[in-house]
Amino acid sequence: MPKEQANWSPYDNNGGSCVAVAGADYCVIAADTRMSTGYNILTRDYSKICKLADKCVMASSGFQADVKALQKHLAARHLIYQHQHNKQMSCPAMAQLLSNTLYYKRFFPYYSFNVLGGLDNEGKGCVFTYDAVGSYEKVGYSCQGSGSTLIMPFLDNQLKSPSPLLLPAQDAVTPLAEAEAIDLIKTVFASASERDIYTGDKLEIVVINADGIRREYMDLRKD
Amino acid sequence: MKLDTAGMESAAPVWGSHNELVDGFSAAPSFELPNTTDFDGFQKEAIQMVKPAKGTTTLAFIFKEGVMVAADSRASMGGYISSQSVKKIIEINPYMLGTMAGGAADCQFWHRNLGIKCRLHELANKRRISVTGASKLLANILYSYRGMGLSVGTMIAGWDETGPGLYYVDNEGGRLKGMRFSVGSGSPYAYGVLDNGYRYDMSVEEAAELARRAIYHATFRDGASGGVASVYYVGPNGWKKLSGDDVGELHYRYYPVMPSTVEQEMVEVTGA
C-alpha cells in the first residue's frame, strides 16, 4: 500500500508586506491591510501593525493566527514588566524580548516575519528586523513579507545606509525628513502592489516621534 | 533573620514553559514541541518554510600576541540576501568572543545564553570562566539538542589565565581545540589564504591583515559570503575591534584599477 502523507499543515500564509524606516527623531512603520489565503482575499481591512509599548510598534506578515498569538504574548509580558518596573519597556528591550519569544518556539515556530520600529531611550529612531525563529539585528530600514523581495532593493537604492559594522562607526538612520520618508513608503507600496498579488487594498502607516504616535491611511490597488 | 525575597523574584511563573529560562539557568530552557509522530519530517518542512539565514565565512587563529577573529556579514535565505550587516562575531563578555555560522537565530540565542552562564559562573565562583569551560558549557548544551535540527558552527575565542584559547564547537556536540579554524561555506577559500600566510610570530597588524585578506578572498569566490569584513583581536586585556571594511572597497584597495594602454581606439560611429 503506498505511503500516505499528512495533508494537514498547521500553517498558512496570509500574505502582505511590512516596512519600517528609522530617522533621526522619528520612526515610520507601514503595512498593507490585505489578508489572503491562497488566491482568495479574506478581508481588505486587516491591520498587521500592533502597538507593543509607548514608543514601540511591531508590524508582522506571515500567518496571522501566529501573529495574533505572538502579539498577545508580548502584550502580556509587557504588562508584567510594567507592574514590576513601574515604567514602559524601551524599544531595544522589547526587541530582545521578541527575539527570545520567537526562539522559544524554535521547534514549532511562529510563522511570523516581523519588523519592530520605535524610538530608543535617546529619542532616535530604531528599526529591528527578524527572521521567523528570532535572529534579529538593528538596522536603519527593513521590510518583510510577500513583497519584500520587490521592496528591499528599492529601499537599498534610496536609503542605503552605511553598515553598522563599519569601523569607524557611521550612523545607520536615514537623513531624510519625516515627510520625505512617508512619501517614500507610499511610493514603495504603490509599486509593490503592482507586482505582488498579496499586497494591496489599503496602506496603514504609523509614525512615532517625540509628539507621540499617529496613524495614516492610503488607498492601494484593489485588484 | 528571614530575608524577604519576594521582591527579588523575577517574572511571575504564569506560563511555566516560557519562564524556565528566567528561573533555572542551570538547566537548559525547555521548548514546546509539536504534537506530531514524525518529528524529523516536521522539522524539515518547518525549516524550509522559515528559511533561516545561513551561508558565511568566519575564521579565527592563535598567534604569538593572542587570538585573531574575523568574519563576513552576509545572511542568505536560499538565493536571497536577507542582510549584508549581520553581526557574526558575538561579544560574549569583554574577554571572550564567539563566531556565528549556520542558523543565525540558533547562534545568537545560544551565545546569549552562554554569556549569561559565564556571568553566573563568575558570580558563583568569584573568578572568570576559562575558554575551555565556556566552550564545554556550549558543547554540552548543543549535544543535548543533537538530532533536533539546530545548525551551529561556532568558534569560542578568548584569553584566560592560561593564555589565548580557541575552540570549535558545532551542533553535533563536537568540540575541538586548535590553533587555526575557519567555518562556513566560504571556509575552503579562507583556509587557502590563511594557511599560506600563517606564521606563529606575526605582529598584531600582520595578523589582522592576514585575517582580512582571507575573509576578502572568501567573499570574492563564495556567493553566500559578503558585506563587511570585521576583524577582532583578543589580547590579555580583552577583545578589541580592529577594523570593519566593506569587501567591495577592499577589492579595489587590493586590486586597484590600472589605466591600461589601448591598442586600437574605438571610433564613434555617427548616424545609424
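Here, each number is a calculation from the coordinates, and none is a lab measurement. What you see is a predicted model; the values in this text were computed from it and never measured. Every residue, glycine among them, receives a Cβ derived from its backbone with ideal geometry; neighbour counts consider all protein chains shown.
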Review point. What spacing in nm lies between the two simple spin-label points modelled at residue A:76 and residue B:64, each 7 Å away from Cα in the Cβ direction?
Key: 6.0 nm
Review point. Taking residue A:55 as the anchor, which aspartates and glutamates have their alpha carbon closer than 14 Å to its alpha carbon, excluding any fewer than eight residues away along the same chain?
Key: A:25, A:120, A:122, A:211
Study note, to complete from the structure: Partner shielding of A:162-171, taken as the mean number of other chain Cβ atoms within 10 Å, equals 6
Review point. Summing -39500 (n - 2.57) over the DSSP H runs of n ≥ 4 in the protein assembly as shown and dividing by its residue number, what mean residue ellipticity at 222 nm do you reach, to the nearest 500 deg cm²/dmol?
Key: -10000 deg cm²/dmol
Point to revise | Among B:95-105, B:161-171, the order from most to least packed when residues are scored by Cβ within 10 Å on average | key: B:95-105, B:161-171
Review point. Among the listed pairs A:51/A:87; A:72/B:88; A:87/B:240; B:88/B:240; A:186/A:222, which are separated by more than 23 Å between their Cα atoms?
Key: A:72/B:88; A:87/B:240
Exercise for review: Using a/c under 1.5 as the rounded threshold, could you call the range B:71-130 rounded, prolate or oblate? The axes a ≥ b ≥ c are square roots of the C-alpha gyration tensor eigenvalues, and prolate needs a/b larger than b/c, oblate otherwise.
Suggested key: prolate
Exercise for review: Could you work out how far the C-alpha centroid of the range B:215-272 sits from that of the range B:133-159, in angstrom?
Suggested key: 33 Å
Practice item. Would you calculate the separation in nanometres between label points at residue A:215 and residue B:254, each defined as 7 Å from the Cα along the Cα-to-beta-carbon direction? Key: 5.2 nm
Check your understanding: Of the listed peptides A:100-113, B:251-264, what is their order by residue-averaged count of other C-beta atoms within 10 Å, with the highest listed first?
Key -> A:100-113, B:251-264
Practice item. Using only Cα atoms, find the angle between the long axis of helix B:104-125 and the longest principal axis of chain B, and express it within 0 to 90 degrees, rounded to the nearest 10. Key: 50 degrees
Study note, to complete from the structure: Rounded to the nearest 10, the angle in degrees between the Cα long axis of helix B:204-221 and the longest principal axis of the Cα atoms of chain B comes to 80 degrees
Study note, to complete from the structure: Taking Cα atoms only, helix B:39-50 is inclined relative to the longest principal axis of chain B by an angle, in degrees rounded to 10, of 50 degrees
Point to revise | Axial C-alpha extent at least 20 Å, average Kyte-Doolittle at least 0.0 - helices from chain A (DSSP) | key: A:178-195
Check your understanding: Using every alpha carbon pair in the range A:12-139, what percent of pairs falls into each 10 Å bin from 0 up to the bin containing the largest distance?
Key -> 14, 45, 33, 8, 1
Practice item. Pop out the Kirkwood hydrodynamic radius of the range B:152-272 from its pairwise C-alpha distances, inverse of mean 1/r, in Å to one decimal. Key: 17.1 Å
Review point. Are any of the pairs B:87/B:117; A:124/B:241; A:3/A:68; A:105/A:160; B:126/B:177 more than 31 Å apart by Cα-Cα distance, and if so, which?
Key: A:3/A:68; A:105/A:160
Point to revise | Total formal charge among the other residues, if their Cβ is under 12 angstrom from that of residue B:131, Lys/Arg +1 and Asp/Glu -1 | key: +2
